[in-house]
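The values are calculated or read from the model by the stated rules, or taken from the named source; none is laboratory data. If you're wondering where the values come from, they're calculated on a predicted model, not measured in any experiment. Every residue, glycine among them, receives a Cβ derived from its backbone with ideal geometry; neighbour counts consider all protein chains shown.
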There are 2 protein chains.
Amino acid sequence: MGTVGTGVAKILLQTEGRHPLLNTLEIMKVGVRQIKPRSVSLPDDLYTTDLDSIIADPNIDIIIEVIGGLEPARTLILQAIENGKHIVTANKAVISRYGEEIYEAATTAGVYVMIEAAVGGGIPIIAPLKQALSVNRIQAVMGIINGTTNYILTRMQNEGGDFEEILTDAQALGYAEADPTADVDGLDAADKIAILAALAFGGRVNREDIYCEGIRKISAADISYAEKLGFVIKLLAIAKVPSQPTDTISIQARVHPTLVPTDHPLASVNDVNNAVLIEGDPIGQVMLYGPGAGEGPTASAIVSDLMAIAASPTGNRKINPLLGCTHTHTLSIVPNTEVVTRLYVRLLVKDTSGVIGKLGTCFGKHDVSLESIVQIGIQDGIVELVVVTHEVPESAFQAALTEIRQFPEVNEIPSLLHVL
Amino acid sequence: MGTVGTGVAKILLQTEGRHPLLNTLEIMKVGVRQIKPRSVSLPDDLYTTDLDSIIADPNIDIIIEVIGGLEPARTLILQAIENGKHIVTANKAVISRYGEEIYEAATTAGVYVMIEAAVGGGIPIIAPLKQALSVNRIQAVMGIINGTTNYILTRMQNEGGDFEEILTDAQALGYAEADPTADVDGLDAADKIAILAALAFGGRVNREDIYCEGIRKISAADISYAEKLGFVIKLLAIAKVPSQPTDTISIQARVHPTLVPTDHPLASVNDVNNAVLIEGDPIGQVMLYGPGAGEGPTASAIVSDLMAIAASPTGNRKINPLLGCTHTHTLSIVPNTEVVTRLYVRLLVKDTSGVIGKLGTCFGKHDVSLESIVQIGIQDGIVELVVVTHEVPESAFQAALTEIRQFPEVNEIPSLLHVL
């Protein structure tokens, strides 16, 4: 009965104007850390601090898990599944790490594990990926799936401020946690893209294989230069199949700050909003956009999962193939160095003639095709250059950069970012 | 086996990399106007020009209707339902006009009538409205749901051209039909918003009650002035509940060119793309965006409906409550004059002192609260003024305008548009 649980109870207690199927759902027990007055009116005897008594109760069909964190959430989920309960959870950390174990148990028990609330808050994304969009061959699923970092980057862009000051303000306003690590270092987004990739590409994803880079190093200068070049900087989570088909099914899966062209649909997703772009054959590109967190949106997602279970009566352990999990293999993830991508690098070099030519020649030697080298500014004999590449193997780019770092003209390489 | 039918066949004939449930679907017959070579490879004996033989075939479970138009589509759909077949259709004209008759027949027969492809091409919008989003109390569903007019308006905006010339070019390029009436006069969008409103607000909508205004009168001047004021002009279809609750369930439902603030999510939906924004309690705003038409997207939507039926086995006329239709009453539509909205009006007035004051006073007398009166230009003693109101009853605004038309200073009122 925290933020999300309260939101769920509010919907279930006031069903007028909502889908009539909600009237078939009844709140049987509410597990709490502490018995105390609550803002929703439920009979006192529904509350209990004994979570085991809930998952053992034979009158309960569905368990909603909104505890968060890895334990005791994982153990309780597994125990509840063993007891034949369906699970509805918002817990991306548990699902991205223990999804295999949990879904195998669910398949054996013939129950559903529903996770609409785990990614994108209220945005219907899990159900469309499992259902409507799954008739396509998915080529990419990518998006802005962490509200805190999007809030910080939007404010950095609008105000021209630097990361640290805006993070501090965001913490004061409640948009960022006291320990912001999971958000600003991209770990939360990596949990979520692991889940989306598994659904999009029909195989399990090893969470640890996902390349993950946060937004701590983004400077006001980079945001301003990006803008001049026609980009905004967003923390994107990206999972895609390589454009060149390979023998084995291997995908890219990564989280990093990314220069997004201003006319791209993801560029105008601001503040705490989330958006997920799905690219498939033959559908093309669709984007699902909305509030990525908060009581109301997350509760909406959880109740939609409850309703989907209510509409899919199970029996003899037969489950609806559009709600269950059909994965039986693990997808391999392309190592980040083998990824082919566009890149942006900012360099501070001495103002000597021929330095742009020398850089261009070095990139060319490593087969790194450039889109532009732009001189952004000059101060005290130091020239600031921004280089944007075409799609190139990241390994070739890094090889060129290793060489360039040794150039006597190169003072510093303050930033290196991916470009969509 | 036209554009969309071909797209459907391509998906069903190449199921690798798609949801495994597609392998349970088999193409039994293909109704065509004429037996001739086709671009997909199906056995010759599947093709027939005898549509009645298809809907009478006891081995066929699902009929895909992509004929378009009112007849014979309507009669064939009803006949097929009577024969116990499920229907998947992209036909917004038939569903928006004969939905009541068709869904009553389907309920009696215990079959599904699935319409994902009827609105928004490939965008999953029908299923989320019926399912995930229906746990919310929906306050508004609105969007850009006609690709042709959005393509024309986007080009008018980018090129500064006038409607007629860009329409002609769009026709030459295949983006507009030879007879563009259904698109440019807003009729197609009205069909679609009738369908979305029925799903969002849980009642039938009388298609004829929907106010409908197309884009023929939009000039390059209006687009340019709108831009200066921070708006883009989009053809929006809007269905919403009044902000002031009323005794009876009555909704607004209308289609008209609309000034959309440039920072609104719908403002950056360009070209032939569609987007639908849903506002609900407690979810807030979500937007679903993607290609509004075309072989691939529409086929994706149709096959997703086929799969949803395949995953929901029926028996004893019991159907899945999240796929069936639960409407039993008709929603009343607020007359357009009673709508409360923001408005934009452009006037040409004689350059005499006090004319802005006189206009302001007249609007004030009719309780029309103004956001701005801006002088846009002056030429040959004629001043061009643009007035933007706050939310006002449209009737009050029209009363003020009737009076203003009689002012000796007012030469002409070339445009009157709604503002989001």
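Any chance you could count how many residues in segment B:77-112 are of a type outside the set (K, R) and assigned to a loop (DSSP other than H, G, I, E, B)?
If we filter segment B:77-112 for residues that are of a type outside the set (K, R), which is where we start, we get B:77-84, B:86-91, B:93-96, B:98-112.
With assigned to a loop (DSSP other than H, G, I, E, B) added as a condition, the list becomes B:83-84, B:90-91, B:110-112.
Total satisfying the criteria: 7.
Would you mind stating whether B:G110 is closer than 13 Å to B:V272 by Cα and at pLDDT below 95?
Values: closer than 13 Å to B:V272 by Cα: no; at pLDDT below 95: yes.
Considered against the rule, which asks whether it is closer than 13 Å to B:V272 by Cα and at pLDDT below 95, B:G110 comes out as no.
Quick one: what pairs do we get from segment B:361-383, first residue assigned by TED's automatic domain parsing to the domain that holds B:I223, second among the aliphatic types (A, V, I, L, M) and loosely packed, with under 13 Cβ neighbours inside 10 Å, C-beta under 6 Å, 6+ apart or different chains?
Within 6 Å, no pair qualifies.
Somewhere in segment A:135-144, is a residue closer than 30 Å to B:A310 by Cβ, in the same structural domain as A:D271 (by TED's automatic domain parsing), of a type in the set (S, T, N, Q) and not in a helix (DSSP H, G or I)? Give the derivation first.
So the first thing to find is which residues in segment A:135-144 are closer than 30 Å to B:A310 by Cβ, and the list is A:135-143.
Restricting the remaining residues to those that are in the same structural domain as A:D271 (by TED's automatic domain parsing) gives A:135-143.
Among the residues that remain, those that are also of a type in the set (S, T, N, Q) are: A:136, A:139.
Next, only the ones that are not in a helix (DSSP H, G or I) stay: A:136, A:139.
Checked segment A:135-144: at least one residue is closer than 30 Å to B:A310 by Cβ, in the same structural domain as A:D271 (by TED's automatic domain parsing), of a type in the set (S, T, N, Q) and not in a helix (DSSP H, G or I).
Just to check your reading of the model, which residue among A:I373, A:I356 is touching a Leu at 6+ places or on another chain (Cβ under 8 Å) and not in a strand (DSSP E or B)? Lay out the reasoning, then the answer.
On the way: A:I373 fails: not in a strand (DSSP E or B).
Step by step, each of A:I373, A:I356 is checked, and only A:I356 is touching a Leu at 6+ places or on another chain (Cβ under 8 Å) and not in a strand (DSSP E or B).
Among the numbered criteria (1) at pLDDT 95 or above; (2) among the aliphatic types (A, V, I, L, M); (3) over 28 Å from A:H329 (Cβ atoms); (4) over 19 Å from the mean Cα position of the chain (by Cα), which single criterion is violated by A:I77?
With respect to (1) at pLDDT 95 or above; (2) among the aliphatic types (A, V, I, L, M); (3) over 28 Å from A:H329 (Cβ atoms); (4) over 19 Å from the mean Cα position of the chain (by Cα), A:I77 is out only on (3).
Say whether the condition of being at positive phi and in a loop (DSSP other than H, G, I, E, B) is met by at least one residue in segment A:152-164.
Yes, segment A:152-164 contains a residue that is at positive phi and in a loop (DSSP other than H, G, I, E, B).
With the checklist (1) buried (at least 19 other Cβ atoms within 10 Å of the Cβ); (2) within 10 Å of chain B (Cβ to nearest Cβ); (3) not β-branched (V, I, T) in hand, flag the one item A:D281 doesn't pass.
Checking A:D281 against (1) buried (at least 19 other Cβ atoms within 10 Å of the Cβ); (2) within 10 Å of chain B (Cβ to nearest Cβ); (3) not β-branched (V, I, T), the one that fails is (1).
Of all residues in segment B:323-349, which are in contact with a Pro (Cβ under 8 Å, 6 or more places away or on another chain) and more than 27 Å from B:I233 (Cβ to Cβ)?
Listed by number, the list holds a single entry, B:T326.
Take the conditions more than 30 Å from B:E65 (Cα to Cα), over 20 Å from the mean Cα position of the chain (by Cα) and touching a residue at least 60 places away in the same chain (Cβ under 8 Å) and apply them to B:G110. Does it pass?
Working: more than 30 Å from B:E65 (Cα to Cα): no; over 20 Å from the mean Cα position of the chain (by Cα): yes; touching a residue at least 60 places away in the same chain (Cβ under 8 Å): yes.
No.
For the list (1) buried (at least 19 other Cβ atoms within 10 Å of the Cβ); (2) in a strand (DSSP E or B), I need the number of the one condition that A:P297 fails.
Result: A:P297 passes all but (2).
Would you check if B:L266 is closer than 21 Å to B:A189 by Cβ, among the hydrophobic types (A, V, I, L, M, F, W, C), under 16 Å from the mean Cα position of the chain (by Cα) and not in a strand (DSSP E or B)? Let's see the steps before the verdict.
On the way: closer than 21 Å to B:A189 by Cβ: yes; among the hydrophobic types (A, V, I, L, M, F, W, C): yes; under 16 Å from the mean Cα position of the chain (by Cα): yes; not in a strand (DSSP E or B): yes.
Against the criterion (closer than 21 Å to B:A189 by Cβ, among the hydrophobic types (A, V, I, L, M, F, W, C), under 16 Å from the mean Cα position of the chain (by Cα) and not in a strand (DSSP E or B)), B:L266 qualifies.
Regarding segment B:169-181, can at least one residue be identified that is in a strand (DSSP E or B) and in the same structural domain as B:A267 (by TED's automatic domain parsing)? Can you show your working first?
Step one: list which residues in segment B:169-181 are in a strand (DSSP E or B), which gives none.
Looking for residues that are in a strand (DSSP E or B) and in the same structural domain as B:A267 (by TED's automatic domain parsing), one finds none in segment B:169-181, hence no.
Find the residue count for segment B:10-31, including only residues that are among the small types (G, A, S) and within 8 Å of chain A (Cβ to nearest Cβ). Please lay out each step first, then the result.
We begin by selecting, within segment B:10-31, every residue among the small types (G, A, S); these are B:17, B:31.
Add one more test, that the residue is within 8 Å of chain A (Cβ to nearest Cβ), and what stays is B:17.
So the count comes out to 1.
Quick check on segment A:13-62: of everything there that is of a type in the set (D, E) and closer than 22 Å to A:I309 by Cα, which residue is nearest to the chain's Cα centre (by Cα)? Spell out how you get there, then give the answer.
Initial filter on segment A:13-62 (of a type in the set (D, E)): A:16, A:26, A:44-45, A:50, A:52, A:57, A:61.
Keeping just the survivors that are closer than 22 Å to A:I309 by Cα gives A:16, A:26, A:57, A:61.
Details: A:E16: 33, A:E26: 32, A:D57: 34, A:D61: 30 Å.
Per the criteria, the residue is A:D61.
State all residues of segment B:183-215 that are in contact with a Ser or Thr (Cβ under 9 Å, 6 or more places away or on another chain), in a helix (DSSP H, G or I) and hydrophobic (A, V, I, L, M, F, W, C); if no residue qualifies, say none.
B:V184, B:L187, B:A189, B:A190, B:I193, B:A194, B:I195, B:A198, B:L199, B:A200 - these are the residues of segment B:183-215 that are in contact with a Ser or Thr (Cβ under 9 Å, 6 or more places away or on another chain), in a helix (DSSP H, G or I) and hydrophobic (A, V, I, L, M, F, W, C).
Is there a residue being touching a Phe, Trp or Tyr at 6+ places or on another chain (Cβ under 8 Å) and assigned to a helix (DSSP H, G or I) anywhere in segment B:61-74?
The answer is yes, given that some residue of segment B:61-74 is touching a Phe, Trp or Tyr at 6+ places or on another chain (Cβ under 8 Å) and assigned to a helix (DSSP H, G or I).
Tell me yes or no: at least one residue of segment A:262-275 is assigned by TED's automatic domain parsing to the domain that holds A:L196, modelled with pLDDT of 95 or more, closer than 23 Å to A:R207 by Cα and not charged (D, E, K, R).
Yes, segment A:262-275 contains at least one residue that is assigned by TED's automatic domain parsing to the domain that holds A:L196, modelled with pLDDT of 95 or more, closer than 23 Å to A:R207 by Cα and not charged (D, E, K, R).
State whether the residues of segment B:308-331 include one that is within 24 Å of B:Y211 (Cβ to Cβ), of a type outside the set (F, W, Y), more than 8 Å from chain A (Cβ to nearest Cβ) and touching an Asp or Glu at 6+ places or on another chain (Cβ under 7 Å).
Here is the first cut: in segment B:308-331, the ones within 24 Å of B:Y211 (Cβ to Cβ) are B:327, B:329-331.
Checking which are of a type outside the set (F, W, Y) leaves us with B:327, B:329-331.
Subsequent filtering for residues that are more than 8 Å from chain A (Cβ to nearest Cβ) retains B:327, B:329-331.
When the remaining residues are screened for being touching an Asp or Glu at 6+ places or on another chain (Cβ under 7 Å), the result is none.
No, because not a single residue in segment B:308-331 is within 24 Å of B:Y211 (Cβ to Cβ), of a type outside the set (F, W, Y), more than 8 Å from chain A (Cβ to nearest Cβ) and touching an Asp or Glu at 6+ places or on another chain (Cβ under 7 Å).
Can you go through A:I102, A:I95, A:I87 and tell me which one is under 17 Å from A:D188 (Cβ atoms) and at pLDDT 95 or above? Please lay out each step first, then the result.
Numbers: A:I102 fails: under 17 Å from A:D188 (Cβ atoms); A:I87 fails: under 17 Å from A:D188 (Cβ atoms).
Testing whether each residue is under 17 Å from A:D188 (Cβ atoms) and at pLDDT 95 or above leaves just A:I95.
Quickly run through segment A:26-56 and pick out the residues that are in a loop (DSSP other than H, G, I, E, B), surrounded by 12 or more Cβ atoms within 10 Å (Cβ to Cβ) and in contact (Cβ under 8 Å) with a residue 24 or more places away in the chain.
If we filter segment A:26-56 for residues that are in a loop (DSSP other than H, G, I, E, B), which is where we start, we get A:26-29, A:32-43, A:49-50.
Adding the requirement that they be surrounded by 12 or more Cβ atoms within 10 Å (Cβ to Cβ) leaves A:27-29, A:32, A:38, A:40, A:42.
A:M28, A:K29, A:V32, A:R38, A:V40, A:L42, listed by residue number.
Filter segment A:14-25 down to the residues that are in a loop (DSSP other than H, G, I, E, B) and in contact (Cβ under 8 Å) with a residue 12 or more places away in the chain, then identify the one that is surrounded by the fewest Cβ atoms within 10 Å (Cβ to Cβ). Write out each step before concluding.
Of segment A:14-25, the ones in a loop (DSSP other than H, G, I, E, B) are A:14-19, A:25.
Subset that is in contact (Cβ under 8 Å) with a residue 12 or more places away in the chain: A:19, A:25.
On the way: A:H19: 23, A:L25: 17.
That would be A:L25.
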